[in-house]
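**Student:** Before we start, here is the structure in question, set down as structure tokens.
The values are calculated or read from the model by the stated rules, or taken from the named source; none is laboratory data. Just so you know, these numbers come straight off a predicted model, no measurement behind them. A quick note on method: Cβ atoms are made from the backbone with ideal geometry, for glycine too, and the neighbour counts reach across all protein chains shown. The area values use the complete protein model at the heavy-atom level, side chains included, leaving out ligands, DNA and RNA. Shrake-Rupley method; radii C 1.70, N 1.55, O 1.52, S 1.80 Å.
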Amino acid sequence: MSAHPTQLMSLSQYLIEEQLKLPQATGDFTALMSHLVYAAKVVSREVRKAGLLENILGATDQTNVQGETVMKLDEYADKIFTHTLTRCGHLCVMGSEEQEEIIPIPTGYKIGKYTIAIDPLDGSSNIDANVSIGTIFSVHLRTSPQGTPGVKEDLLQKGSKQRAAGYIVYGSSTMLVLCVGKGVSGFTLDPSCGEFILSHPEMKMPESGGIYSINEGNYDYWSDEVKNYIRNIKSIEGGRKPQSLRYIGSLVADFHRNLLKGGIFLYPNDTKSSKYPKGKLRLLYEVAPMALIAEQAGGMAVTVEGKRILDLEPEELHERTTFVVGSKKEVEHFLTFIKK
Ligand code: AHG
Ligand code: MN
Ligand code: MN
């Protein structure tokens, strides 16, 4: 028996209720989220028909600041999110994985008090394979004077100060997972009415889990500590049950599965090549937002040296970091392998 529509809470209603909890709230944040959600719906529609439109699959002839081939859907998603959000009147500046420099508010548009750093399309290598991909975003309050054009420093704030963080996973359904301060909630897009409906209230990451996610192909590049940890969780010594390896290659999808089922995700740095000496994942718009969601859902998020992700002070827009995130007990077990 499906719930009566009056029993379902839409994302719009959820955001209004969250706003009412803050007496000093002006409604700016709620409005900002509504513009972000609109852009997410447009991208979701395009993702869902990507296979049917030859002009949206495949690669462009460009490489982005990351030195990676830009997929057509990367470019499309970047355009939708940056065009919509820089003109909504609630941002002072934006940062995007697909754009080297900060993205200013176009002349003639109102300058707001928030910033957004975004990974418009996460998991690009999976687009043409019809595997789950996503979008990741991080919201901060500006630190530079109100009304002036935003600057890079407005974006370079540590993860613990995020006003909000979230991701959209374009999977078997389109889900938005959101933290607007305290706790984590999940919303599933009902395509029949175009609304995100609260389907996963108060999401909690299981305290332990039987899944580990890491690109084992990089084994020879790992530090001895990471190798020892991975060997340990795969071992059947002493009659132990080895953990299962699940690796999709889209951070959003690997993270989302571990959030629901419990487990650990690792992207260590390369110790024997110059490819990813500091790790591959980007702090501002992949790792910090996921770390806030993980902690707010009862999990943990650290670097391979054991530093708390949310305490890292960003110095560059596209800076990379190592990332170990997941169930509290699994991350604590990992930390026992890190040289004190
Ligand atoms: P993006 O598509 O935004 O560049 O992100 C890809 C990232 C992340 O989604 C995933 O966890 C990781 O790259 C996978 O990297 P490998 O293919 O090196 O394992
Ligand atoms: Mn990404
Ligand atoms: Mn991306």
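**Student:** Cα axis of helix 72-86 to longest principal axis of the chain: angle in degrees, 0 to 90, nearest 10?
**Tutor:** With rounding to tens, the tilt is 50 degrees.
**Student:** OK, next. Along region 322-338, what does the Karplus equation 6.51 cos²θ - 1.76 cosθ + 1.60 (θ = phi - 60°) give for ³J(HN,Hα), rounded to whole Hz, x for Gly and Pro?
**Tutor:** Running phi through 6.51 cos²θ - 1.76 cosθ + 1.60 with θ = phi - 60° gives 6, 8, 10, 9, x, 4, 3, 5, 6, 5, 4, 5, 4, 5, 6, 9, 8 Hz.
**Student:** Here is a further query. Using the Cα centre of region 279-340 as the reference point, and only Cβ charges (+1 on K/R, -1 on D/E), how large is the resulting charge dipole? Debye, rounded to the nearest 20.
**Tutor:** Dipole of region 279-340, to the nearest 20 debye: 300 debye.
**Student:** Taking amide H positions as placed in the peptide plane 1.01 Å from N, state which residues far from A164 in sequence (5 or more) or on other chains have amide H under 5 Å from it.
**Tutor:** Residues meeting the amide H criterion: V139.
**Student:** Continuing with this model, one more query. Counting only residues 5 or more places away or on other chains, whose amide H sits under 5 Å from the amide H of D122 once H atoms are built in the peptide plane?
**Tutor:** Counting only residues 5 or more places away or on other chains, the set is G134, T135, I136.
**Student:** So how tilted is helix 11-20 from the main axis of the chain? Cα-based, degrees 0 to 90, rounded to 10.
**Tutor:** Tilt of helix 11-20: around 80 degrees.
**Student:** Shifting gears a bit: Just the number, please: Stokes-Einstein D of the chain in µm²/s, Kirkwood Rh from C-alpha pairs, 37 °C, 0.692 mPa s.
**Tutor:** After rounding, the answer is 160 µm²/s.
**Student:** Here is a further query. Go through region 248-258 residue by residue and turn each phi into a ³J(HN,Hα) via Karplus (6.51, -1.76, 1.60, θ = phi - 60°); whole Hz please, and just put x for glycine and proline.
**Tutor:** The phi angles translate into 8, x, 10, 3, 4, 6, 5, 5, 4, 4, 5 Hz.
**Student:** Percent of Cα-Cα pairs per 10 Å bin, from 0 to the last occupied bin, for region 186-236, please list those.
**Tutor:** So the P(r) values, bin by bin, are 18, 28, 19, 22, 12, 0.
**Student:** Under a Cβ-only charge scheme (Lys and Arg +1, Asp and Glu -1), can you give me the dipole magnitude of region 211-335 about the Cα centre, in debye to the nearest 20?
**Tutor:** Result for region 211-335 is approximately 540 debye, rounded to the nearest 20.
**Student:** Shape of region 270-325 from its Cα gyration tensor (a ≥ b ≥ c, root eigenvalues): rounded if a/c is under 1.5, otherwise prolate when a/b > b/c, or oblate?
**Tutor:** It is prolate, given that a/c is not under 1.5 and a/b is the larger ratio.
**Student:** Give me the percent of the accessible area of region 211-335 that comes from carbon and sulfur atoms, probe 1.4 Å, all protein chains in place.
**Tutor:** Carbon plus sulfur share of accessible area: 49 percent.
**Student:** Sort out for me the Cα centre separation of region 154-193 from region 9-71, rounded to whole Å.
**Tutor:** 10
**Student:** Follow-up. Just read off the accessible area of K21 with the full protein assembly in place, 1.4 Å probe, to the nearest 10 Å².
**Tutor:** Ignoring ligands and nucleic acids, K21 comes out at about 140 Å².
**Student:** At what distance in nm do the modelled label points of E100 and K241 sit from each other, each positioned 7 Å from its Cα along Cα→Cβ?
**Tutor:** Those two pseudo-labels are separated by 5.1 nm.
**Student:** For region 5-200, what relative contact order do you get, as a whole percent, if you take Cα pairs closer than 8 Å and at least 6 residues apart?
**Tutor:** Answer for region 5-200 is 16 percent.
**Student:** Hey, what's the Kirkwood Rh for region 237-289 if you take every pair of different alpha carbons, in angstrom?
**Tutor:** One over the average 1/r among Cα pairs gives 13.2 Å for region 237-289.
**Student:** May I ask you to rank D224, D311, D254, D190 by accessible area, largest first, using a 1.4 Å probe over the protein chains only?
**Tutor:** Heavy-atom accessible area, descending, gives D224, D311, D190, D254.
**Student:** Under a 5 Å amide H to amide H cut-off, with H placed in plane at 1.01 Å, what residues pair with F323 once short-range neighbours are removed?
**Tutor:** Y267, V304
**Student:** Roughly how many Å² is the accessible area per residue of the chain, as a whole number, for a 1.4 Å probe?
**Tutor:** 45
**Student:** Next up: Given q = 0.08, 0.19 Å⁻¹, what are the Debye log10 I(q)/I(0) values for region 5-200, with equal point scatterers placed on the Cα positions and solvent ignored?
**Tutor:** So the normalised log intensities work out to -0.26, -1.40.
**Student:** So, one more: Please identify the GluC sites (Glu not before Pro) of region 22-87 that satisfy two criteria: DSSP loop assignment and at most 13 other Cβ atoms within 10 Å. Which are they?
**Tutor:** E54
**Student:** Under the Kirkwood approximation applied to all pairs of distinct alpha-carbon atoms, what is the hydrodynamic radius of region 189-317 in Å?
**Tutor:** 16.3
**Student:** By its C-alpha gyration tensor, with a ≥ b ≥ c as the square roots of the eigenvalues, how is region 32-119 shaped: rounded for a/c under 1.5, else prolate for a/b larger than b/c, else oblate?
**Tutor:** oblate
**Student:** Against the longest principal axis of the chain, how steep is helix 224-234, in degrees 0 to 90 to the nearest 10, with axes from Cα atoms?
**Tutor:** In the chain, helix 224-234 runs at an angle near 80 degrees to the longest axis.
**Student:** Could I ask something else about it? Please state the shape class of region 247-340: rounded when a/c is under 1.5, otherwise prolate if a/b exceeds b/c and oblate if not, all from the C-alpha gyration tensor.
**Tutor:** Rounded shape, in that the Cα axes give a/c under 1.5.
**Student:** Got the relative contact order for region 61-102 handy, in percent, Cα pairs under 8 Å and 6 or more residues apart?
**Tutor:** Value for region 61-102: 39 percent.
**Student:** Have a look at T30, T63, T174 and tell me which one the Gaussian network model of the chain (Cα, springs below 10 Å) gives the largest fluctuation.
**Tutor:** Most flexible of the set in this elastic network: T63.
**Student:** What do you reckon, how do S173, S10 stack up by accessible area (1.4 Å probe), largest on top?
**Tutor:** S173, S10
**Student:** Which whole-number percentage describes the relative contact order of the chain, with Cα contacts under 8 Å and a sequence gap of 6 or more?
**Tutor:** 15
**Student:** Could you give me the ³J(HN,Hα) list for region 205-217, computed from phi with Karplus coefficients 6.51, -1.76, 1.60 and θ = phi - 60°, whole Hz, x at Gly and Pro?
**Tutor:** Per-residue couplings from phi come out as 7, x, 5, 9, x, x, 10, 10, 10, 7, 7, 4, x Hz.
**Student:** Next up: By DSSP, what percent of the beta bridges with both residues in region 55-133 are antiparallel, rounded to the nearest 5?
**Tutor:** 45
**Student:** Taking only Cα atoms and a 10 Å spring cutoff, compute GNM fluctuations for the chain and point out the largest among L176, L32, L260.
**Tutor:** Among L176, L32, L260, the largest mean-square fluctuation in the Gaussian network model of the chain belongs to L260.
**Student:** Nearest 5 percent is fine: what portion of the DSSP beta bridges confined to the chain is antiparallel?
**Tutor:** 85
**Student:** Could you pull the Cα extents of region 100-217 along its three principal axes, largest to smallest, in whole Å?
**Tutor:** So the three principal-axis extents are 48, 37, 33 Å.
**Student:** Another question about this same structure. Test of understanding: in a Gaussian network model of the chain with alpha carbons linked when under 10 Å, which of H318, H200, H140 would top the mean-square fluctuation ranking?
**Tutor:** H200
**Student:** State the number of lysine pairs found in region 99-227 whose Cα atoms come within less than 19 Å, restricting to pairs 8 or more positions apart or on distinct chains.
**Tutor:** So the count works out to 8.
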